[in-house]
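S.K.: Questions regarding the structure given below will be posed in turn.
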Amino acid sequence: MTTGTPPLPKAELHLHIEGTLEPETVFELARRNDVALPYSGVEDLRARYDFSDLQSFLDVYYANMAVLRTRDDFAELASAYLRRCPGQGVRHVEMFFDPQAHTSRGVPMADVVGGLTDAIDAHAGDVSAGLILCFLRDQPAADAEATLRAAEPYLDRIVGVGLDSAEVGHPPSGFAGVFERARGLGLKPVAHAGEEGPPSYVREALDDLGVLRVDHGIRAIEDDDLVARLRRDRTPLTVCPLSNVRLGCVPGIGLHPLPEMLAAELMVSVHSDDPAYFGGYADDNYTAARDGLGLDAEQLRTLAGNSFEASFLDSSAREGFTEEVRRWRP
Ligand code: HPA
Ligand code: ZN
């Protein structure tokens, strides 16, 4: 927290590495790679970060990625993010990346994964990190299949698969085949569901994709039977308060369903999604939960403990971090 005491230790499980591309870096990489930008400067770009919904964000998010061209660009992007982690109390990251958004522009999978893993290896002394390959759900399932095949040489560096991009109209069921193949390759399945989409998408993610975590899942709260199932199975939900506010998924921080989800004893944790776009990294989302939702220290410890329990770390690492969370005082 921003109180002068060390930040609460936490795992970051819902973070799109491309969503850490800060406006200044967009311009720096555009200059270096000779990419023309449709903005007059950093302030003009920032002014476009007034989003009305998920799609209005995705339009800017994908457009800005045009500046990421080389292995070094991906390494610098991830290094800049990982350097921030100790200050945010982040001890472990399972970062999403969107290979289709790069391979479709001619960037080889080898450079995307190579750059990200160069950074992960360089920062391994400060923060542990893994990669989750996301399929773009607004692209054909056949493209997801081809992406998984292209990633096969790098599977030793990839912990799981996810599903992201425009949700409504693109239900999880369309990706059952590629998720089955990914699970067969030993990859852990997760998926965005119930961010803008209905509770039925959360059910499909569980039933058709076999996910071990649901990303966002805030709309699950609308369905009592689904809530009972998620509570019974202790299915982790990776909730991103600042993102939900900035994308209009909730009308304001004070109306976010996080307290209701905690009261329903759901296995929720708090994360940052696309921090360069939504106004805060991991600990800033905890601060928003404290100041905007009135969560107390015990509730913050529950969220942080859940983040380690929901991670794909081995059980001894999980227990060590959980003990640190228990000892934390604001
Ligand atoms: N939702 C779906 N796809 C995304 C998001 C998100 O919040 N951020 C980056 N890709
Ligand atoms: Zn997300």
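The values are calculated or read from the model by the stated rules, or taken from the named source; none is laboratory data. Owing to the predicted nature of the structure, the values given are computational and were not obtained by experimental measurement. As a convention, Cβ positions derive from the backbone with ideal geometry for all residues, glycine included, and neighbour counts pool all protein chains shown. Side chains included, ligands, DNA and RNA excluded: accessible areas come from the protein's heavy atoms. Shrake-Rupley method; radii C 1.70, N 1.55, O 1.52, S 1.80 Å.
S.K.: Among (1) away from ligand 2 (no atom under 16 Å from the Cβ); (2) under 24 Å from residue 284 (Cβ atoms), where does residue 110 come up short?
M.R.: (2)
S.K.: Can you report the number of residues in the stretch 152-179 which are open to solvent by 50 Å² or more (accessible area, probe 1.4 Å) and within 16 Å of ligand 2 (Cβ to nearest atom)?
M.R.: Residues in the stretch 152-179 being open to solvent by 50 Å² or more (accessible area, probe 1.4 Å) and within 16 Å of ligand 2 (Cβ to nearest atom): 2 in total.
S.K.: Please go through the stretch 37-49 and pick out each residue that is among the charged types (D, E, K, R) and either free of Cβ contacts under 8 Å to residues at least 12 places away in the same chain or open to solvent by less than 40 Å² (accessible area, probe 1.4 Å) (or both).
M.R.: 43, 44
S.K.: Within the stretch 98-107, take every residue that is open to solvent by 40 Å² or more (accessible area, probe 1.4 Å) and assigned to a loop (DSSP other than H, G, I, E, B) and give me the one that is farthest from ligand 2 (Cβ to nearest atom).
M.R.: The selected residue is 106.
S.K.: May I ask you to verify whether residue 292 is modelled with pLDDT of 95 or more, touching a Lys or Arg at 6+ places or on another chain (Cβ under 8 Å) and crowded, with 17+ Cβ neighbours inside 10 Å?
M.R.: No; evaluated as a whole, the condition is false for this residue.
S.K.: Go through the stretch 121-151 and give me each residue that's under 27 Å from residue 90 (Cα atoms), within 16 Å of ligand 2 (Cβ to nearest atom) and buried (at least 22 other Cβ atoms within 10 Å of the Cβ).
M.R.: 131, 132, 133, 134, 135 - these are the residues of the stretch 121-151 that are under 27 Å from residue 90 (Cα atoms), within 16 Å of ligand 2 (Cβ to nearest atom) and buried (at least 22 other Cβ atoms within 10 Å of the Cβ).
S.K.: Okay, moving on. Scan the stretch 3-36 for residues that are of a type in the set (Gly, Ala, Ser) and either open to solvent by 40 Å² or more (accessible area, probe 1.4 Å) or over 18 Å from residue 102 (Cα atoms) (or both) and jot them down.
M.R.: 4, 11, 36
S.K.: Check 178, 250, 270 and return the single one that is at pLDDT 95 or above and away from ligand 1 (no atom under 16 Å from the Cβ).
M.R.: Exactly one residue qualifies, and that residue is 178.
S.K.: Return yes when residue 44 is within 16 Å of ligand 2 (Cβ to nearest atom), of a type outside the set (A, V, I, L, M, F, W, C), farther than 30 Å from residue 329 by Cα and assigned to a helix (DSSP H, G or I) and no when it is not.
M.R.: no
S.K.: Please note which helices (runs of 4 or more DSSP H) are completely contained in the stretch 197-257 and include at least 3 residues that are closer than 23 Å to residue 304 by Cβ and within 16 Å of ligand 2 (Cβ to nearest atom).
M.R.: 241-246
S.K.: Would you confirm, using the coordinates I've provided, whether residue 307 is out of contact with any Lys or Arg (no Cβ under 6 Å at 6 or more places or on another chain), more than 25 Å from residue 24 (Cα to Cα) and modelled with pLDDT of 95 or more?
M.R.: Considered against the rule, which asks whether it is out of contact with any Lys or Arg (no Cβ under 6 Å at 6 or more places or on another chain), more than 25 Å from residue 24 (Cα to Cα) and modelled with pLDDT of 95 or more, residue 307 comes out as no.
S.K.: Within the stretch 50-80, work out how many residues are surrounded by 14 or more Cβ atoms within 10 Å (Cβ to Cβ), within 16 Å of ligand 2 (Cβ to nearest atom) and not in a helix (DSSP H, G or I).
M.R.: 1
S.K.: Additional query: State the number of residues belonging to the stretch 18-36 that are in a loop (DSSP other than H, G, I, E, B), touching a residue at least 12 places away in the same chain (Cβ under 8 Å) and over 29 Å from residue 249 (Cα atoms).
M.R.: 1
S.K.: Cβ-Cβ below 9 Å, separation at least six or inter-chain, first residue in the stretch 132-145 and closer than 20 Å to residue 54 by Cβ, second of a type in the set (Lys, Arg) and open to solvent by 50 Å² or more (accessible area, probe 1.4 Å): which pairs?
M.R.: Listed pairs, sorted by first residue: 132/188.
S.K.: Scan the stretch 219-234 for residues that are touching a Gly at 6+ places or on another chain (Cβ under 8 Å) and open to solvent by 10 Å² or more (accessible area, probe 1.4 Å) and jot them down.
M.R.: Listed by number, the list holds a single entry, 219.
S.K.: Report whether or not residue 151 is farther than 30 Å from residue 7 by Cβ, more than 16 Å from ligand 1 (Cβ to nearest atom) and in contact with a strand residue (DSSP E or B) (Cβ under 6 Å, 6 or more places away or on another chain).
M.R.: For residue 151, the condition - farther than 30 Å from residue 7 by Cβ, more than 16 Å from ligand 1 (Cβ to nearest atom) and in contact with a strand residue (DSSP E or B) (Cβ under 6 Å, 6 or more places away or on another chain) - is met.
S.K.: Take the residues in the stretch 195-211 that are touching a residue at least 40 places away in the same chain (Cβ under 8 Å) and either open to solvent by 50 Å² or more (accessible area, probe 1.4 Å) or out of contact with any Asp or Glu (no Cβ under 7 Å at 6 or more places or on another chain) (or both), then tell me which one is nearest to residue 143 (Cα to Cα).
M.R.: The selected residue is 209.
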